[in-house]
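Everything on this sheet refers to the single structure shown next.
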Amino acid sequence: MTVEERYKGIIEWFRQTMPDPRTELNYSNPFELLVAVILSAQCTDKRVNMITPALLEAFPTPEAMSQASENEIFNFIKSVSYPNNKAKSLLGMAKMLVSDFASQVPSDIDSLLKLPGVGRKTANVILSVVFDKAAMAVDTHVFRVSERIGLTTGSKNPVTTEKTLVKHIPEDLIARAHHWLILHGRYVCKSRKPECLECGIRQYCRFWSKSAAGTIN
Ligand code: SF4
């Protein structure tokens, strides 16, 4: 199977079975999503969804959050991973939104990357989910699943994976493909034990095809 055939088969399967995938983070405006994505680094969406309602009720806007103390924010988020760093990032992010971006979440990657707590993955999530741009956010699931399936080969880092995926996936499907790969990695192609026998794309998967006639499960 060529790489093109693999991409084509997988994209078609996801288009049929998951036509409108969504982030599992709860939010109702760009600021809320930015807060949630910053909190979600090395933490589950489920955990983040448990703490954002109270946090965002206390600090519903960049202005409100920018006037909080780091300690006040910490108290709302202490059950997530790295709460000290994240409290610092949220406060810095809110302050910069107010001072440099008229309290609006910016829609270009260079501006997003200036915000404290925002790396390339977070910026790409905002671009694709909020602004519907063809940005591929590569998190741990996307990175692992892409390599395992054979969408990338020997990728050493998320930026290489991002570039390879963007090169092969039609522009209008890139934002959706981000969710497809995350959800597939979360629920089927799991890190330690991929559920290959339950997997709808195994006929296109490099790992499956190399696994001695399907004896891996
Ligand atoms: S066949 Fe197995 S390794 Fe391949 S994508 Fe499906 S779950 Fe992942």
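Could you check how many residues of the stretch 69-105 are surrounded by fewer than 18 Cβ atoms within 10 Å (Cβ to Cβ), part of a loop (DSSP other than H, G, I, E, B) and hydrophobic (A, V, I, L, M, F, W, C)?
Qualifying residue count for the region: 2.
Just to be sure I understand, how many residues within the stretch 182-210 are near the ligand (Cβ under 10 Å from one of its atoms), in contact (Cβ under 8 Å) with a residue 40 or more places away in the chain and assigned to a helix (DSSP H, G or I)?
Number satisfying all stated conditions: 7.
Of the numbered conditions (1) at pLDDT below 95; (2) assigned to a helix (DSSP H, G or I); (3) within 15 Å of the ligand (Cβ to nearest atom), Ala175 fails exactly one; give the number of that condition.
So Ala175 meets the others, but not (3).
Taking the stretch 1-34 as the search range and keeping residues that are in a loop (DSSP other than H, G, I, E, B) and over 19 Å from the mean Cα position of the chain (by Cα), which one is surrounded by the fewest Cβ atoms within 10 Å (Cβ to Cβ)?
Once the filter is applied, the top-ranked residue is Thr2.
Collect the residues in the stretch 139-153 that are in a loop (DSSP other than H, G, I, E, B) and at pLDDT below 95, keeping them in residue-number order. Give the steps one after another, and end with the answer.
Residues of the stretch 139-153 that are in a loop (DSSP other than H, G, I, E, B), as a first pass: 139, 150-153.
Within the stretch 139-153, Asp139 is the sole residue that qualifies.
If you scan the stretch 68-85, which residues turn out to be among the hydrophobic types (A, V, I, L, M, F, W, C) and without any contact (Cβ under 8 Å) to a residue 40 or more places away in the chain?
Listed by number, the residues that qualify are Ala68, Ile73, Phe74, Phe76, Ile77.
Kindly indicate whether Thr44 is under 21 Å from Asn124 (Cα atoms) and buried (at least 17 other Cβ atoms within 10 Å of the Cβ).
When the stated conditions are applied, Thr44 does not pass them.
Working only within the stretch 122-166, note down all residues that are of a type in the set (Phe, Trp, Tyr) and within 24 Å of Ser211 (Cβ to Cβ). Step through it out loud before you land on a result.
Just the residues of the stretch 122-166 that are of a type in the set (Phe, Trp, Tyr), to begin with: 131, 143.
Matches in the stretch 122-166: Phe143 only.
Restricting to the stretch 106-131, name every residue that is in a loop (DSSP other than H, G, I, E, B) and more than 25 Å from Asn71 (Cβ to Cβ).
Pro106, Ser107, Asp108, Phe131 - these are the residues of the stretch 106-131 that are in a loop (DSSP other than H, G, I, E, B) and more than 25 Å from Asn71 (Cβ to Cβ).
Are any residues in the stretch 35-47 under 26 Å from Leu173 (Cβ atoms) and not in a loop (DSSP other than H, G, I, E, B), and if so, which ones?
Ala36, Val37, Asp45
The values are calculated or read from the model by the stated rules, or taken from the named source; none is laboratory data. Since this is a predicted model, take the numbers as computed values, not measurements. With ideal geometry, Cβ positions are generated from the backbone for all residues, glycine too; neighbour counts draw on all protein chains shown.
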